[in-house]
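The next block holds one structure in the form of structure tokens; read it before the comments.
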Amino acid sequence: MMGAVSETESLRQTVSTLLEVCDHKDISEIIIGYAQRITPECLATVKEIASTECDVPIVVFEQKRPFMSGINDMIDVAIGSHCLLVASDMALDLSIVPTMIDQAKKEPDVIHSASRWMKGCKFYDYGKLKRVINFCAQKFLAVLYMRNLTDFTIPVQIAPSELYKSIKFEEPGFPFLLEMVLKPIRLGYKFKEYPTNCYPRKDGKSSNSVKQIASYLRVALHIRFMPKKNILLEEYRK
């Protein structure tokens with residue numbers, strides 16, 4: 001699953017990289033959801049990718065939910081046993097995806113997640129202030145949720161589709177990525193991390209910024225102390 005707003009070449013490269021490094025038998029479909037505010041250049045790229053002949057189905061649609069909550073639309077249409085969320089800006093090394101898929105086959109009930117903060121990982125052209133804030137935020141979340149995870153906001157992870165489909169996601173903005181990690185943690189799911197380097201965006205413009213720290217903090221505290229039953233959609237509550 002990947003979103004598209006202003007990416008062009010990086011979107012092409014994301015799809016081609018996944019098709020190159022992954023066994024096509026492991027991929028039920030590639031889902032690209034695009035927002036109403038998609039740029040004309042990005043929309044043309046999406047249509048180009050959708051028309052490409054490939055033995056892996058490519059599903060393209062305009063998301064109904066706003067901004068980052070459009071990920072929920074992609075979760076709704078996913079038919080595979082697991083959902084793999086991938087950022088379409090090539091800011092992370094996707095060569096680890098096959099390893100993550102192999103491990104997901106061995107441990108299907110574990111959430112397999114990339115991390116920028118494991119030993120040996122490198123940041124390229126990542127602002128010093130932004131890096132310090134990100135590092136401190138990860139440590140704060142590890143303490144708050146009493147988990148030894150190193151990266152709670154990474155946009156590359158594999159989880160059981162049924163888990164995502166059962167969760168009541170609420171966030172429309174970038175904290176949606178945090179919600180995708182914290183709510184499964186509250187439900188008792190285990191995580192396994194894999195190291196990845198972090199690179200500057202190839203193209204397109206990011207809407208995320210350090211100014212959104214307050215919204216991340218609000219979401220982290222809200223999920224930490226909310227009743228566990230409220231994490232699930234009503235039809236999944238026991």
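The values are calculated or read from the model by the stated rules, or taken from the named source; none is laboratory data. Source: prediction; values computed, not measured. Neighbour counts are summed over all protein chains in view; Cβ atoms, including those assigned to glycine, are modelled from backbone coordinates with ideal geometry.
A few remarks follow.
- Long-range neighbours under 7 Å by Cβ, at least six apart or interchain, first residue without any contact (Cβ under 8 Å) to a residue 12 or more places away in the chain within segment 222-236, second not aromatic (Phe, Trp, Tyr): Lys229/Arg237
- Filtering segment 20-34 to residues that are closer than 18 Å to Asp89 by Cα and touching a strand residue (DSSP E or B) at 6+ places or on another chain (Cβ under 7 Å) leaves Ile30, Ile31, Ile32, Gly33, Tyr34.
- Residue match in segment 132-146 (condition: basic (Lys, Arg) and within 29 Å of Val21 (Cα to Cα)): no
- Scanning segment 12-38 for residues that are surrounded by 16 or more Cβ atoms within 10 Å (Cβ to Cβ), out of contact with any Gly (no Cβ under 7 Å at 6 or more places or on another chain) and over 15 Å from Gln63 (Cβ atoms) yields Arg12, Gln13, Thr14, Val15, Thr17, Leu18, Leu19, Cys22, Asp26, Ile27, Ile30.
- Hey, Ala137 surrounded by 15 or more Cβ atoms within 10 Å (Cβ to Cβ), at pLDDT below 95 and more than 20 Å from Val86 (Cα to Cα) or not: yes
- Put simply, of Ser6, Ser69 the only residue that is of a type in the set (Gly, Ala, Ser) and under 16 Å from the mean Cα position of the chain (by Cα) is Ser69.
- Residue selected from segment 202-219 under the condition under 17 Å from the mean Cα position of the chain (by Cα) and modelled with pLDDT of 65 or more, by the criterion nearest to Ser88 (Cα to Cα): Tyr216
- When the residues of segment 87-103 are filtered to those that are farther than 14 Å from Gln157 by Cβ and not hydrophobic (A, V, I, L, M, F, W, C), the one that is surrounded by the most Cβ atoms within 10 Å (Cβ to Cβ) is Ser88.
- Between Tyr145, Tyr199, Tyr189, the distinction of being in contact with an Asp or Glu (Cβ under 9 Å, 6 or more places away or on another chain), aromatic (Phe, Trp, Tyr) and farther than 23 Å from Asp89 by Cα belongs to Tyr189 only.
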